[in-house]
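Here's the structure, in structure tokens; my notes come after.
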Amino acid sequence: GCKKDGAAEAGGGGGGSTLTAKFPGTEAGAKDLLSTFLKQGNDNVALTLALKPSSADYRAVFATEELAAAAEKTYESLWSAVPKMPIGPKEGQTELSMLSALTDELKTGAGNSREFPGGYKQASEWLKPGLRVYRWKFLKPGERLGMAFDGLYHVNGHWVLMPKPWRIKGPKA
């Protein structure tokens with residue numbers, strides 16, 4: 001992978017980021033981490049790049065080596081687009097709405113899984129069981145629709161982003 005300027009410091013070489021490791025792997029930790037994107041004057045490009053998974057992180061989320069490798073390859077284009085399209089709110093969006101589901105719930109349709117994009121049900125077979133995945137929105141006060149994101153996991157001691165796993169091209173083909 002080609003590193004963008006600043007990505008090495010922010011992402012600890014892509015994974016193991018100290019920036020995201022300081023937030024605990026709990027619901028409160030996820031909320032605190034995501035709330036940093038709402039703070040004025042934050043460098044949302046660096047914050048987004050800090051969520052870039054390492055190869056070990058892909059292997060911690062995806063069920064097989066082949067899927068992990070396919071995911072890493074598929075997500076390359078996402079990470080190279082971050083400088084132009086970092087995670088963050090649009091003008092006037094000052095609130096965070098967040099929920100989570102276990103990968104097992106995504107398979108069975110239990111818990112909050114119905115609140116996740118439909119592609120998660122088909123992709124749940126490719127994810128390791130027992131992982132908690134978060135989705136969130138940045139909202140204007142009083143509104144229900146906003147900028148929606150998904151695919152936040154806590155693995156290997158830090159937070160990583162692997163959104164829309166159904167887009168992975170690879171061994172399933």
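The values are calculated or read from the model by the stated rules, or taken from the named source; none is laboratory data. These numbers were taken from a predicted model, which means no experiment stands behind them. Cβ sites come from the backbone with ideal geometry, for glycine too, and all protein chains shown count toward neighbours. Surface accessibility is based on the protein's heavy atoms, side chains included, excluding ligands, DNA and RNA. Shrake-Rupley method; radii C 1.70, N 1.55, O 1.52, S 1.80 Å.
Couplings 3J(HN,Hα) for region 81-93, derived from phi with the Karplus relation 6.51 cos²θ - 1.76 cosθ + 1.60 (θ = phi - 60°), are 8, 3, x, 8, 9, x, 5, x, x, 8, 3, x, 8 Hz, where x marks Gly and Pro. 3J(HN,Hα) couplings calculated from phi for region 151-160 with the Karplus curve 6.51 cos²θ - 1.76 cosθ + 1.60 (θ = phi - 60°) are, in sequence order, x, 8, 10, 10, 9, 6, x, 8, 8, 9 Hz; Gly and Pro show x.
Take the cross-link list Lys22/Lys73; Lys39/Lys107; Lys31/Lys121; Lys84/Lys107 and give me the ones stretching past 32 Å between alpha-carbons.
Listed pairs above 32 Å: Lys39/Lys107; Lys84/Lys107.
Scalar couplings 3J(HN,Hα) for region 109-116, obtained by applying the Karplus form with A = 6.51, B = -1.76, C = 1.60 to θ = phi - 60°, are x, 8, x, 7, 4, 5, 7, 8 Hz; x denotes Gly and Pro. In angstrom, the C-alpha Rg and Dmax of the chain are 15.3, 44.
Within the accessible surface of region 114-155, defined with a 1.4 Å probe on protein heavy atoms only, the carbon and sulfur portion equals 50 percent. Measuring r between the beta carbons of Asp43 and Asn112 and using R0 = 25 Å, the FRET efficiency lands at 0.25.
Summed over the residues of the chain and divided among them, the accessible surface reaches 51 Å² per residue at a probe radius of 1.4 Å. Relative to the current alpha-carbon distance between Ala56 and Leu99, full extension at 0.36 nm per residue lengthens the span by 13.0 nm.
Using the Cβ-Cβ distance between Glu65 and Lys31 with R0 = 30 Å, the FRET efficiency computed as 1/(1 + (r/R0)^6) comes to roughly 0.40. Placing dummy labels 7 Å off each Cα toward the beta-carbon, the span from Ser80 to Lys22 is 3.2 nm.
Please arrange Thr74, Thr18, Thr26 by accessible surface area, largest first, computed with a 1.4 Å probe and ligands excluded.
Most to least solvent-accessible, the answer reads Thr18, Thr26, Thr74.
With +1 on each Lys and Arg Cβ and -1 on each Asp and Glu Cβ, and nothing else charged, work out how big the dipole of the chain is about its Cα centre, in Debye to the nearest 20.
Numbers: 23 positive and 18 negative charges, 66 e Å.
My answer is approximately 320 debye.
Highest average first, the peptides 149-161, 122-134 ordered by how many other beta carbon atoms sit within 10 Å of their residues are 149-161, 122-134.
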